[in-house]
Structures are given as structure tokens and as C-alpha cells.
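Participant: Take a look at this one; I'll ask things after.
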Amino acid sequence: MRSEYERRGGWSWITQVISGLLLIVLVGLHMIAQHFIVEGGLRTYQDVLAYVSDPVIFTLEILFLVVVTYHALLGVRSVLFDLGLSEAQERRVTQILVVIGLLTIGYGVWLSLYLIGQA
Amino acid sequence: MSSTEEYLEESKTYPGHKVRRPGSQVSRWFAPWKRGLGTWGFVLNRVAGLGLVLYLFLHLAVLSLLTRGQEGWDAFITLAKSPLFLLLDVVLLAGILGHGLNGLRVALIGTGLLVRWHRPLFIAVAVIAVLGLVAGALLFFSA
Amino acid sequence: MSWQITYKIKRYHPDQGSRVDTFQVEIEPERTVLDGIELIWAKQDRTLVFRHACHHASCGSCGLVVNGVEVLPCIKLIQDATTDGGTLEVEPLRNFPVVADLVVDMAPFFERMQLIGMPIVGPTGPLPGQEPDEYTAFENCIECGLCLSACPVVATDSKYLGPAALAAAERVIEVSEGRLSDEVLAAVDNEHGLWRCHAAFECSEVCPSNVDPAGRIMALRRRMTFERLRRLVGAKG
């Protein structure tokens, strides 16, 4: 049995693959729902309110938001790390991206709940 | 983005000798010319990925129009059904297909499952993406 | 019959800066790009600085970028690099400091190999169950540095461990069943180690010795991925 050593980066790659696979399904559902379900393609205001109030749709869209935000910002982090940053800069980048991610998800959840309230 | 930026440093192998080190070469992330299919895949994934991140945040910003009620949103939807916007949707679909299918390829290679197949896989990705794009474009414009 | 070839050679001298010199060379198409450079040195410009030794892809000292692609000019034939009347743009390897003209300081290569302990792996042949055509062993590495020059990640991240060192680490695990020291594992299983690779496969494209570094990095990644997943589900091993 090998003793512990500092292992870093593996889980970012593995979770990027897993979230990517999830996104193939979630993006597919999202695109179909947005373009090909409603008559005429895109949703009017009333359509949107009805759409987001469906609990299954709400759950799927929030799941999509969380996964796509994670995948996108982890990708940005990887691109930035490719630049060869110092360790302090790498920590800073990670912190900033975590904050951006939480704000993004918070905004999406708030907007959905607000729209359900309008329905 | 400069690939010509250069600076001098002391050589580690030849003490007392100044050597020239190239500066950052970020441009090479976007330069698949004369390179193999693997680099085309890398460049495709990077360009499409950054484009999709930009789209994600633009999309979320546009959705804030929903807080302005029926008039604000429905005016935007009328605009979004114009041919120019549908064309942008096709660009978006191209990014999603390219990044998604190539991402699947990277996952299959990176888990060591189909490493030796990375070139044929890239060609398969390109063919499926183009077919999907044509089908999607036809659907968008006929909707 | 000879061909007329234009050599455009990137020159550099610490006191004179950089420039591109153009030389016209008459040379048979079956001869090599390195032969042409030696002709230029012999007949036109004795100040041209370049490095070579064996002339048969064994010493790994002559690596260059020719028309945008990393090659060993000692085995690259003129007829495979250009056509009659064509041009050869010759530059030193990328991602290495340039000492003078076409000679680079190989320190970035050997520093990376030292990080993983300069493993010297004896000749082993194909492993049990390995097909002969899958035998792409690190033992073939001639330490020419073409892989580091071709890699788009090394181009921007000087901390990236890079193709050759990662391929060497995978080979050590392969032949010794996982015996890497903790220090070496920390450098290999690291965000700037095997997880930094973006699978552009340029290292394997340019490798003149069939080491297939990209394939080895992917093998390493598979190994480390499944090891993590096994630990996650609590399996022993």
C-alpha cells in the first residue's frame, strides 16, 4: 500500500468528464424543449411561466444550470491554469471562479422562483 | 498573445551565457496549421468551449428581460425569431455539437479506452457534427 | 539531379539579436535537411551555429523546426520536406531557450526528467499480453526534445511536466508494478502533471522514436482515474 502524497487535479478532470457527459443529455433536452415543443419554436412570456412552473422541468433546468456552470467555470479554470500561473494566482483564480459560480447559480434559482411567483 | 516577445536569461547549461527565451505563446492554442488531427481537436474544443462560456453568460443576462414582464420578453422573442438570430442559433448549435461530440471523444481517449482510435474518432466527430448541424439548421428555419 | 532549395534560417546571437538569413543550396533530393545545413556551413557561412552528431536519429541532438513542424533533420529527406525550387524555413526547437542560431539549451527537458528521478529503464520488450506493434516503450527515447517543442501546453505552462517525463513515469509503473516514490507521484499525479495534457497528440506525431508519449499519458490517466474511482467506492487495492 502506497503512503499518501499530495494528489491534485485528478478529480477536476474526472468530474469535468462526468459533467460533460451529463451535459450532452441536459443540453439536448434543453434545446429540444426550447425550440421544438412549443408552436412556432420559442416561448412567449406566458409559455415561459407555465414551463418553469412544471416541477419536473424546474428540477431539470436547475440541474442543467448547476452542471453547466460547474463545467464552464472548471473549463475556464483549466484554460487559465494553462498559462502557468503562480500558486497564489491559482488559488485566487479558483476562489474568484467559485464566487462567480455561486452567484450564477443563485441568480438562476432566484429568477426561476420569481417567475413561478408570477404565474 | 504575442509569440515574438523574447527575453534574455542566464543559461543553466552554459554558465555565463545569455540565452533567449520565447515569451508566452498563447497564439499556439489557436494555431492548428500544419499540425495533426489531435491539435485540430484541441483547438476546436478550446474555441468552442470559450464561445459557449460567453454564450452561457449572455443567455443568462438576456433572461433577466423576463423580470420586465410580458412586453419586454415578447418583444425580444419577436426579435429572436428573425433570420439573423436564427443564424446565431445555428452558430450556437455548431459550438454545442463540436464541443459535445469532441468532448465525448476526449473522454474516451483520456480514460485510455480508445487511445489508438483518436484520429478516426475525430473524423467521426466532424462528420456527425456537420450532419447534425445541417439537420438542426433546417429544423430552426422551418419552425 | 540536384534541386534548388532556399533555406530561410532563423539566426540569433546574444549580441546581435534575431534575424532570418536566406541561403540558396543546390542539393540532391535524396539527401537530408541536415546535409543542406552542413553545406551552407561549409560553403557559405562558417558562423552558422547548429548541433548534430550521429546523423542517424540515435543521438537526439539535432532536432529543429522545419516548415513549422518538429523534425530530426538528419533523417528528414529534402524530397519529403519540400519540392524542387522550394523553401525550407528552419528554426530552433520551440519552448527551449535559444543559445545561438539553431542550438537550444536542453535544460527544460532534463530538469523535467530529473523531477521524476531520471528513471533508467532497461530494455524489456513487449509486456505479457502486449502485441508487438503496441510496443511503444519509453526505452526508445533519444532525449531529442521534439515532444516538448511540439506540445501546445508546454508552450504556455512552463510548470507542465510534459510528454517525455510522463511517458517515462508510466513506463516505470508498467515494468515495476507501481513503484514510484511519493515525490515522483506528487509531480506526476498533479494538476501540472498528467492531468494538464489536452490530448493534442503532437508529441506522438513528432516523436522520431515511436515512444508515443501521448498514448502513455492517456494510459497513466486511465490508471490514476480508475484508482481514484476504486478508492471512492472503498475497494481495497
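The values are calculated or read from the model by the stated rules, or taken from the named source; none is laboratory data. On a predicted model such as this, the values are computed, not experimentally measured, just so you know. Positions of Cβ are backbone-derived with ideal geometry, glycine not excepted, and every protein chain shown enters the neighbour counts. Note: areas computed on protein heavy atoms with side chains; ligands, DNA, RNA excluded. Shrake-Rupley method; radii C 1.70, N 1.55, O 1.52, S 1.80 Å.
Participant: Kindly indicate whether any position in segment C:174-181 is within 14 Å of chain B (Cβ to nearest Cβ) and surrounded by fewer than 20 Cβ atoms within 10 Å (Cβ to Cβ).
Facilitator: yes
Participant: Just checking, which of A:85, A:42, A:60 is of a type outside the set (Val, Ile, Thr), open to solvent by less than 50 Å² (accessible area, probe 1.4 Å) and over 27 Å from residue B:46 (Cβ atoms)?
Facilitator: From the options A:85, A:42, A:60, the qualifying one is A:42.
Participant: Any chance segment C:18-38 includes a residue that's at pLDDT 95 or above, surrounded by 15 or more Cβ atoms within 10 Å (Cβ to Cβ), hydrophobic (A, V, I, L, M, F, W, C) and within 19 Å of residue C:99 (Cβ to Cβ)?
Facilitator: yes
Participant: Can you give me the ranges of the strands (runs of 3 or more DSSP E) entirely in segment C:23-127 with at least 1 residues that are outside the structural domain of residue C:159 (by TED's automatic domain parsing) and more than 23 Å from residue B:11 (Cα to Cα)?
Facilitator: Correct list: C:64-66, C:69-71, C:87-91.
Participant: Now, a different point. Which condition breaks for residue B:57 when tested against (1) at pLDDT 90 or above; (2) within 11 Å of chain C (Cβ to nearest Cβ)?
Facilitator: Unmet for residue B:57, out of (1) at pLDDT 90 or above; (2) within 11 Å of chain C (Cβ to nearest Cβ): (2).
Participant: Looking only at segment B:60-93, count how many residues are open to solvent by less than 60 Å² (accessible area, probe 1.4 Å), without any contact (Cβ under 8 Å) to a residue 40 or more places away in the chain, part of a helix (DSSP H, G or I) and more than 10 Å from every other protein chain (Cβ to nearest Cβ).
Facilitator: Counting residues in segment B:60-93 that are open to solvent by less than 60 Å² (accessible area, probe 1.4 Å), without any contact (Cβ under 8 Å) to a residue 40 or more places away in the chain, part of a helix (DSSP H, G or I) and more than 10 Å from every other protein chain (Cβ to nearest Cβ) gives 1.
Participant: Inside segment A:7-37, can you point out the residues that are closer than 17 Å to residue A:76 by Cα and either exposed (fewer than 14 other Cβ atoms within 10 Å of the Cβ) or within 14 Å of chain C (Cβ to nearest Cβ) (or both)?
Facilitator: Matches in segment A:7-37: A:9, A:10, A:11, A:12, A:13, A:14, A:15, A:16, A:17, A:18, A:20.
Participant: Tell me the residue from B:98, B:38, B:110, B:51 that is touching a Lys or Arg at 6+ places or on another chain (Cβ under 7 Å) and crowded, with 17+ Cβ neighbours inside 10 Å, please.
Facilitator: Exactly one residue qualifies, and that residue is B:110.
Participant: Let me ask you something else. How many residues does segment C:68-93 hold that are on the phi > 0 side of the Ramachandran plot and in contact with a Gly (Cβ under 9 Å, 6 or more places away or on another chain)?
Facilitator: Summing the residues that are on the phi > 0 side of the Ramachandran plot and in contact with a Gly (Cβ under 9 Å, 6 or more places away or on another chain) in segment C:68-93 gives 0.
Participant: Same structure again: Has segment A:65-81 got any residue that is in contact (Cβ under 8 Å) with a residue 60 or more places away in the chain and out of contact with any helix residue (DSSP H, G or I) (no Cβ under 6 Å at 6 or more places or on another chain)?
Facilitator: yes
Participant: Further, regarding this structure: Do we find a residue being open to solvent by 60 Å² or more (accessible area, probe 1.4 Å), within 14 Å of chain C (Cβ to nearest Cβ), over 18 Å from the mean Cα position of the chain (by Cα) and aromatic (Phe, Trp, Tyr) anywhere in segment B:126-141?
Facilitator: Within segment B:126-141, not a single residue is open to solvent by 60 Å² or more (accessible area, probe 1.4 Å), within 14 Å of chain C (Cβ to nearest Cβ), over 18 Å from the mean Cα position of the chain (by Cα) and aromatic (Phe, Trp, Tyr).
Participant: Which residue, of C:112, C:51, is open to solvent by 30 Å² or more (accessible area, probe 1.4 Å), of a type in the set (D, E, K, R) and either in contact (Cβ under 8 Å) with a residue 24 or more places away in the chain or closer than 27 Å to residue C:184 by Cα (or both)?
Facilitator: After ruling out the rest, the residue left standing is C:51.
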